[in-house]
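Following: one structure in structure tokens, then a few remarks.
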Protein chains: 2
Amino acid sequence: MGTTQLESVPEPKYWHLKTVLSEALDSEFAVGEILPNERDLAARFGVARATLRQALEQLELEGRLQRRRGVGTTVAPPRMGVAVGTEQHIWPGAAGDDWQPADSTLEVPPASVAGVLDTGADETVHLVRRSRVSHGQPVAAELLYVPASSVRDLSAIDAPAGAARARAVLRELQRLELEGRESAVELGSARADDAKQLDRLPGAPVLVVTTRYVAQGRTAALSVATYRADTCRLTFGDSGGVEIHEGPARQAS
Amino acid sequence: MGTTQLESVPEPKYWHLKTVLSEALDSEFAVGEILPNERDLAARFGVARATLRQALEQLELEGRLQRRRGVGTTVAPPRMGVAVGTEQHIWPGAAGDDWQPADSTLEVPPASVAGVLDTGADETVHLVRRSRVSHGQPVAAELLYVPASSVRDLSAIDAPAGAARARAVLRELQRLELEGRESAVELGSARADDAKQLDRLPGAPVLVVTTRYVAQGRTAALSVATYRADTCRLTFGDSGGVEIHEGPARQAS
DNA sequence: TAGTGGTCTAGACCACACG
DNA sequence: GTGTGGTCTAGACCACTAA
């Protein structure tokens, strides 16, 4: 009878740690404040650094913390709402969107993209690269695939590459009548190039938004946009202009 | 001059491992197939088990693998598309949705929810719990907050709790004219109860979809739905009935 | 009971930022 | 340099599943 049943369902240490830290963040820390370093925190809680890190990872995944190598761990501001589906039936590049065209080249798209575009396997398409900045922070990187058939001939255009050419492709796209649009959101991890644009390490969690633009009964363009999952809350508004609160709901019981 | 510059930018081992494994999954494994166990894999690649696990974690995050304690690691099928915003202006519980009402109780909502609902801090609301099954697998758990003011008095209803009461609340909701709807998607980690419903471990990555239903100029209901991030791709369709492909785009260069 | 993935430890070294 | 987070190791034990 010497055994005292302390925990019939023992909670993992990192899980308990996460809870404790989460409450501390709510009550004892301000946004932007720097936490003690990982070695000190681990010692303070009497756990190995790896265990402490497991808790920090979860909190970072939930957007509560921000960790930067060589700097430290800071308390993250609430996620920013980023409109993804508000503007009904708008082409990418339409006036007022906050995307910044970076470049455009001709590429053979990956097979999965070619399948959606109904282009041949080796057919080149315009690949427009854009980035999105919100509140002074990079939040997304986009690859926009535009089949040559969706735009007028651009081979003789004066801008061979760069932002000017990207704008030219987008401008041509506006000439088509947009009939519809479908998006899908899924979890992914940042490729090395995206990570660099987003100021994160490769493998950082991202929300991948794939949007198919439909015109003339076919897929006129395909956008693959990679959003920082730690800082962004993607908003899809269907309502008739009702205001969106900032930071509506933290997940709670 | 004895130093040979093998890698100017050395790639982390787990990152390289992930790439190798990912290619092996594409070419040498079928969906559902069981991989060698972690100790064997680690030995085969000459790394510590923790490093191997870091690679597996990423692949699981991307929906390529499924790991189950006591069973093993299997190759996951492509993510299933789950419609989240297709049906325009539909109340939850309307005919044809594939949600299954589980329960309904009266609760004091968390402050963040109360704020969106414009209810008093201590005011109780109906809390309808529902779960969503797709392709025979649980994919989402929902908490639907319905202020008493959105439905007729249910205090005298014959069903004190359970699915019957949940259906009664949803039925009452249909009586209002739905004016609009806004959704937001963000990354989260599963709470213990959600994890159980979704057949995952606590902390598993989830996509949290928060939807505000607007009627009579106010927020008539608020839904917080938790989707399995590993198995689901959330689709938001704006197009006029254009078919959605299954498995459109894997992220690629 | 045997085998799996999940948790945890106590170290070590590396890449990066900043003064 | 100094200090930070990021990577990696070689173990150990636990919780769960299935034979």
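The values are calculated or read from the model by the stated rules, or taken from the named source; none is laboratory data. Source: prediction; values computed, not measured. Note that we place each Cβ from the backbone using ideal geometry, even for glycine, and neighbour counts take in every protein chain shown. Quick note on the areas: whole protein, heavy atoms, side chains included, nothing else; ligands and nucleic acids left out. Shrake-Rupley method; radii C 1.70, N 1.55, O 1.52, S 1.80 Å.
Total buried accessible area between B and A, probe 1.4 Å, nearest 100: 4700 Å². The share of accessible area on the stretch B:13-75 that comes from carbon and sulfur is 49 percent, using a 1.4 angstrom probe. Peptide A:56-68 has a mean of 2 when you count, residue by residue, the C-beta atoms of other protein chains within 10 Å of its C-beta.
Counting from the shortest, the label point at B:D199, 7 Å from Cα toward Cβ, is 4.2 nm from the same position in each remaining copy.
With the simple model of a label 7 Å out from the Cα in the direction of the Cβ, A:A148 to A:D199 spans 3.9 nm. Each other copy places its own label point for B:T51 at 2.5 nm from this one, sorted shortest first, where the point lies 7 Å along the Cα-to-beta carbon line.
Which of the three applies to the stretch B:161-221, rounded, prolate or oblate, going by the alpha-carbon gyration tensor with a ≥ b ≥ c and a/c under 1.5 meaning rounded? Judged from the Cα gyration tensor, the stretch B:161-221 comes out oblate (a/c at least 1.5, b/c at or above a/b).
Projecting label points 7 angstrom from Cα along Cα→Cβ for A:S22 and B:A24 puts them 3.5 nm apart. The residues of the stretch B:80-235 have, on average, 39 Å² of accessible surface per residue, using a 1.4 Å probe with all protein chains present. The distance between label points at B:L176 and A:R171 comes to 4.8 nm (points 7 Å beyond Cα on the Cα→Cβ vector). Between the beta carbons of B:A94 and A:Q100, assuming R0 = 51 Å, the FRET efficiency works out to 0.80 to the nearest 0.05. Residues whose amide H lies under 5 Å from that of B:L65, counting only those 5 or more places away or on a different chain, are B:E60, B:A76; hydrogens are built 1.01 Å from N in the peptide plane.
Between the stretch A:138-153 and the stretch B:9-44, the C-alpha centres lie 33 angstrom from each other. Ignoring any ligand, DNA or RNA, what whole percent of the accessible area of the stretch A:80-235 comes from carbon and sulfur when the probe is 1.4 angstrom? Here it works out to 52 percent.
Ascending distances from the A:P12 label point to its copies in the other chains, with the point 7 Å along the Cα-to-beta-carbon line: 1.7 nm.
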